[in-house]
Amino acid sequence: MKLGSIHFYPVKSTAGHAAAEAEVQPWGLAGDRRYLITGESGKILTAREEPRLLACVARLDGDTLTLTGPHAEPLRVTPSATRSTVDVWGTPVELTDCGDDAARWLSALAGRPARLVWLDDPTRRPVDPAYGRPGDRVSLADGYPLLLTSAASLARLDDWIAETALELGEEVPEPLPMTRFRPNVVIEGVDTPFAEDEWKRVRIGDVDFRVTKGCDRCTLTTIDLATYTKGKEPLRTLARHRKWDRKVWFGINLIPDAPGRIAQGDSVAIL
């Protein structure tokens, strides 16, 4: 098995980037989800509610973040000194505001009030203690430092989606791109689809990871990244084949044992 691709997302719920290599930090890949968007109430605003956020491309050059979108000129972001506490999926986290220019830029894209905030100190947010150790930390990802998926599992899911369409008399859709699932690492060469369900520890290159739990999927996976509209798949088909505990599942969450570097093509071993 090998590492097929690496992906990171500078701003949560916006477009991601593929990378040839990445630094693995205790809280996730370097540059991954250190920023998020809040709405008028100060709560997290994601592409689940506003799919147009996926049209935002956020690029990092060192510590400088630049936002690019179809609605306005690119904007270079400068965080302010103002901090506020944001509820990040049940955990209060102190985040730094990124100023009124970023707020206006994102509000125009989303069509509703929005602000950009930054996790300047990534040690602030602990991992769910039910699945992590006391010192484990995570940036602004949904729950864990990295998300792993496999090409074999997506191929099987695409086959299932085609079968579902045929059974219902629908046109068979094009295979889903892996980007729908927003992974950090995609593994190639896995012999059995969904073999990752049983993995406990994984080594990618020279970096060891603990598997915490599977990843339950939400409506974000149903957004067509070309049109920013929602459909029924893959949740409809996952519910037929991959549903338990009242959730549907695709991918696994990882916590690194120690910092390191990974690169596309690295060998992958199950420990």
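The values are calculated or read from the model by the stated rules, or taken from the named source; none is laboratory data. Since the structure is predicted, the reported quantities are computational estimates derived from the model, not experimental observations. Glycine gets a Cβ as well: all are built from the backbone with ideal geometry, and neighbour counts include every protein chain shown.
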Residue among Ala239, Ala162 that alone is farther than 29 Å from Pro126 by Cβ, touching a strand residue (DSSP E or B) at 6+ places or on another chain (Cβ under 6 Å) and without any contact (Cβ under 8 Å) to a residue 40 or more places away in the chain: Ala239
Candidate set from the range 143-152 (those that are at pLDDT 95 or above and not in a strand (DSSP E or B)); member that is farthest from the chain's Cα centre (by Cα): Ala152
Among (1) of a type outside the set (Gly, Ala, Ser); (2) in a loop (DSSP other than H, G, I, E, B); (3) surrounded by fewer than 18 Cβ atoms within 10 Å (Cβ to Cβ) - the single one Leu140 does not satisfy: (3)
Gly28 touching a residue at least 24 places away in the same chain (Cβ under 8 Å) and of a type in the set (Gly, Ala, Ser): yes
Residue in the range 188-197 that is in contact (Cβ under 8 Å) with a residue 24 or more places away in the chain, surrounded by 19 or more Cβ atoms within 10 Å (Cβ to Cβ), in contact with a Leu (Cβ under 8 Å, 6 or more places away or on another chain) and over 22 Å from Ser139 (Cα atoms) present: yes
Within the range 117-131, tally of residues that are over 21 Å from Gly16 (Cβ atoms) and either of a type in the set (Ser, Thr, Tyr) or not in a strand (DSSP E or B) (or both): 9
Listing of strands (runs of 3 or more DSSP E) fully contained in the range 155-271 that carry 3 or more residues being of a type in the set (Ser, Thr, Tyr) and within 20 Å of the chain's Cα centre (by Cα): none
Filter result (surrounded by 14 or more Cβ atoms within 10 Å (Cβ to Cβ), of a type outside the set (Ser, Thr, Tyr), modelled with pLDDT of 95 or more and part of a strand (DSSP E or B)) within the range 60-85: Leu65, Leu67, Leu75, Val77
Positions within the range 1-27 being assigned to a strand (DSSP E or B), basic (Lys, Arg) and within 12 Å of Cys56 (Cα to Cα), in sequence order: none
Any hit, the range 28-41, residues being more than 24 Å from Pro256 (Cβ to Cβ) and surrounded by fewer than 17 Cβ atoms within 10 Å (Cβ to Cβ): yes
Among (1) surrounded by 20 or more Cβ atoms within 10 Å (Cβ to Cβ); (2) assigned to a loop (DSSP other than H, G, I, E, B) - the single one Pro134 does not satisfy: (1)
Condition broken by Arg201, with the remaining ones in (1) under 30 Å from Glu23 (Cβ atoms); (2) modelled with pLDDT under 95 satisfied: (2)
Test: residue in the range 87-96 that is touching a residue at least 24 places away in the same chain (Cβ under 8 Å), more than 20 Å from His17 (Cβ to Cβ) and among the aromatic types (Phe, Trp, Tyr): yes
Where Arg246 falls short, out of the listed (1) among the basic types (Lys, Arg); (2) surrounded by 20 or more Cβ atoms within 10 Å (Cβ to Cβ); (3) farther than 19 Å from Leu147 by Cβ: (2)
